[in-house]
There are 2 protein chains.
Amino acid sequence: MKSRRTRQLAAVYDVVAAAHDHPTAEDVCDRVRRQVPRISLGTVYRNLQKLVAQQQLRAVHLADRPTRYDGMLAAHDHFLCERCGSVADLQQTMPSPMDSSRLLESGYEVRAHALTFYGVCPTCRRAEEKPLGRARRTRSEEPATASATRSGRP
Amino acid sequence: MKSRRTRQLAAVYDVVAAAHDHPTAEDVCDRVRRQVPRISLGTVYRNLQKLVAQQQLRAVHLADRPTRYDGMLAAHDHFLCERCGSVADLQQTMPSPMDSSRLLESGYEVRAHALTFYGVCPTCRRAEEKPLGRARRTRSEEPATASATRSGRP
DNA sequence: CTTTCTGCAAACTCTTTGCACTCGT
DNA sequence: ACGAGTGCAAAGAGTTTGCAGAAAG
């Protein structure tokens with residue numbers, strides 16, 4: 001039952017590790033296909049699962065949305081923008097030691113926790129505050145909207 | 001486009017509000033059927049959705065498990081026992097004001113957040129620590145608190 | 001009456017799986 | 001060669017939806 005180094009497994013890992021946008025399994029599949037054209041979605045799922053089990057990748061579960069994958073292993077939280085669907089990493093927002101200890105005292109064994117914030121990201125907020133009223137503000141800075149991760153199906 | 005007060009809607013609300021175990025949609029359907037035998041799962045889903053949208057109920061999204069519903073509206077977190085599948089309410093473990101404010105300063109608009117701990121609950125831990133000479137598998141799913149109702153469907 | 005809601009079943013989305021074949025080791 | 005891994009397609013789980021008929025206002 002030894003794990004083999006296949007081109008598919010390596011490609012899946014590489015894609016997620018290199019991504020900054022928390023891709024879904026389908027996103028990963030699309031990207032991996034640039035290297036391994038014939039890889040199937042099933043294989044992508046199997047390999048993502050394996051890498052998550054081996055703690056080489058993390059799965060990010062979001063309300064009502066497909067699971068996304070993250071190459072960042074350090075403890076951190078997430079922010080999901082409900083406008084554009086992008087997911088941002090947040091530097092360990094919660095002082096987990098404090099919270100977990102209370103649970104421990106209550107007899108719980110905490111193995112993991114997930115903290116996710118839902119709302120509107122800075123980019124979408126800015127985009128929203130402009131459209132209404134007469135364009136009075138001559139604020140010109142409009143940071144690239146490129147950060148928006150594709151999240152839904154076309 | 002006015003919302004009507006139907007027996008089904010009321011029953012769905014009542015079941016979730018009275019429940020202490022964070023039932024799934026299927027659990028809710030089974031229970032509501034004791035009052036409204038012919039209610040369909042589709043109607044249960046539609047009503048749960050409506051009640052959540054109206055903030056009368058909350059949806060609890062868990063990693064790799066079906067959504068569960070909660071009648072407790074006060075801010076609180078959850079603990080999912082990976083052994084027995086039970087979900088426990090945790091009294092506002094996180095001091096959210098602190099965390100959210102930092103996000104606000106960064107330009108995020110936080111509309112909600114979800115904090116869930118995963119691990120083993122006190123009951124399962126006790127059962128485990130008083131071994132009868134058997135090791136444990138990481139596999140589980142036992143309706144210790146009544147939540148895993150399986151119903152056959154064609 | 002008018003409009004929303006319901007039951008049913010089919011459709012959908014995301015994910016997993018069985019099987020024969022392929023490719024690491 | 002052996003068997004874990006792959007591709008494909010089909011199956012599964014969970015949830016949504018189209019429609020004709022039921023029922024709330």
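Bear in mind that the values in this text are calculations on the coordinates, not laboratory data. All values derive from a computational prediction rather than experimental measurement. With ideal geometry, Cβ positions are generated from the backbone for all residues, glycine too; neighbour counts draw on all protein chains shown.
Checking each residue in region A:1-29 for being farther than 25 Å from A:Leu90 by Cβ and exposed (fewer than 15 other Cβ atoms within 10 Å of the Cβ) picks out A:Met1, A:Lys2, A:Ser3, A:Arg4, A:Arg5, A:Thr6, A:Arg7, A:Ala10. Counting only residues that are within 10 Å of DNA strand C (Cβ to nearest atom) and either crowded, with 19+ Cβ neighbours inside 10 Å or not in a helix (DSSP H, G or I) (or both), which one in region B:38-53 is farthest from the other protein chains (Cβ to nearest Cβ)? By that ranking, first place goes to B:Arg38.
Remark: B:Arg68 matches the filter, which requires a residue to be in contact (Cβ under 8 Å) with a residue 60 or more places away in the chain and assigned to a strand (DSSP E or B).
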